[in-house]
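The values are calculated or read from the model by the stated rules, or taken from the named source; none is laboratory data. Being a predicted model, the structure only gives us computed values, none of them experimental. No Cβ is skipped: glycine too gets one built from the backbone with ideal geometry, and neighbour counts run over all protein chains shown.
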Amino acid sequence: MTRDEFLGRLGELLACLPAEQVEETKAFYAEAIADRMEDGMSEEEAVAAMGTPGEVAEATLDDLPAVPRAIAKTRRRSTALLWVLTIVGSPVWVPLLLAFAAVAVTVYVCIWVLALCVWVIAATLGAVGAASLALVAAGVAVGHVPYVIVMLGCGLAFIGVALLVGAGAWEASKRIARLSALWAGKAASPFWKGKGEKGGAAAHLAA
Amino acid sequence: MTSAKKIYLAVAGGLVAAGVVLAGIGFIASGFDPAVFTTQIDTRDSTIVLGGVEVDEHESVPFISQLANLGEIDTSNVADPAAP
């Protein structure tokens with residue numbers, strides 16, 4: 001099988017995918033074949049090293065996230081079947097999708113509420129410290145020295161604790177930002193695949 | 001850990017330490033009276049008690065005197081004059 005025949009057959013098998021993705025996959029395998037030919041293989045040997053177009057198409061489809069994969073495999077059988085399943089199954093998949101989105105957003109919000117709680121604690125401690133320092137003025141006005149010293153001490157201590165809790169809140173916020181990004185990636189994984197993840201085509205070639 | 005963070009934590013820790021020491025000194029100066037840590041403002045009868053000592057002249061205490069003079073806020077049900 002020549003390179004053009006291989007790529008043509010691969011394009012036919014991946015017709016269920018968006019044209020841009022098909023071209024990207026074909027370009028990847030064209031480059032892989034060219035690399036092998038540069039290493040001394042003949043065109044037929046290089047094409048044979050890729051595997052059959054069917055295997056390559058399966059590997060490409062298997063690399064897709066769950067939802068696009070199911071759509072692509074159904075579309076490959078029949079576009080009409082895809083539309084029938086989409087319309088007939090809408091009473092099931094629309095509520096499920098909405099519930100999934102609601103849970104994903106709720107967990108995301110809950111993660112950030114945790115960070116907000118730590119900041120609220122820090123702000124409250126700071127406010128108590130400021131109020132204690134304000135009471136120092138009242139103590140001075142009435143001439144109650146022990147009260148002035150105690151309120152000054154409490155004010156400074158509360159502000160110090162607020163600064164320490166604020167530092168902790170900043171660290172917690174940074175960790176929560178990473179956690180929320182991880183969660184967003186996990187929540188989107190059935191529908192979308194990150195750029196940094198290893199492609200199925202590359203994994204197929206490595207195997 | 002950066003030097004700015006070290007300074008920040010040192011300042012915060014210093015404030016806490018200084019505050020605890022000052023509070024202890026004030027507590028000792030009061031004769032170990034726990035009431036020195038309390039502040040009471042009663043808006044019902046406009047009394048102000050700072051550290052266990054009642055303030056007679058409210059006007060001498062800034063801000064707090066305004067709170068004390070708020071008066072009692074009536075939260076009971078509004079009575080209908082026409083009701084039997």
In the stretch A:103-124, residue farthest from the other protein chains (Cβ to nearest Cβ) [restricted to those that are over 28 Å from B:A35 (Cα atoms) and of a type in the set (G, A, S)]:
A:A104
Scan (1) within 23 Å of A:F158 (Cα to Cα); (2) more than 7 Å from every other protein chain (Cβ to nearest Cβ); (3) not aromatic (F, W, Y); (4) not in a helix (DSSP H, G or I) for the single condition B:P62 breaks and write down its number.
(2)
Consider only pairs whose beta carbons are under 8 Å apart and that are at least six residues apart or on different chains; among these, list those whose first residue lies in the stretch B:1-21 and is closer than 26 Å to A:V148 by Cα and without any contact (Cβ under 8 Å) to a residue 12 or more places away in the chain and whose second residue is assigned to a helix (DSSP H, G or I) and of a type in the set (F, W, Y).
B:G19/A:F158
Residue check for B:D56: more than 29 Å from A:I159 (Cβ to Cβ) and at the interface with chain A (Cβ under 10 Å from one of its Cβ atoms)
yes
Output the residues belonging to the stretch A:125-158 that are under 16 Å from B:A12 (Cβ atoms) and within 8 Å of chain B (Cβ to nearest Cβ).
A:G153, A:C154, A:G155, A:L156, A:A157, A:F158
Suppose we keep only residues that are among the acidic types (D, E), crowded, with 16+ Cβ neighbours inside 10 Å and free of Cβ contacts under 8 Å to residues at least 60 places away in the same chain within the stretch A:25-63. Which one would you say is farthest from A:R77 (Cα to Cα)?
A:E43
Kindly evaluate B:E72 against the criterion of being part of a helix (DSSP H, G or I) and at pLDDT below 90.
no
Tell me, yes or no, whether the stretch A:175-188 has at least one residue that is within 13 Å of another protein chain (Cβ to nearest Cβ), assigned to a helix (DSSP H, G or I) and charged (D, E, K, R).
no
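Those residues that are part of a helix (DSSP H, G or I) and facing chain A (nearest Cβ under 7 Å), I need them from the stretch B:22-40; list them, please.
B:L22, B:A23, B:I25, B:G26, B:F27, B:A29, B:V36, B:F37
Among the candidates A:V136, A:V140, A:V161, which residue alone is of a type in the set (V, I, T) and in contact (Cβ under 8 Å) with a residue 24 or more places away in the chain?
On the way: A:V136 fails: in contact (Cβ under 8 Å) with a residue 24 or more places away in the chain; A:V140 fails: in contact (Cβ under 8 Å) with a residue 24 or more places away in the chain.
The unique qualifying residue is A:V161.
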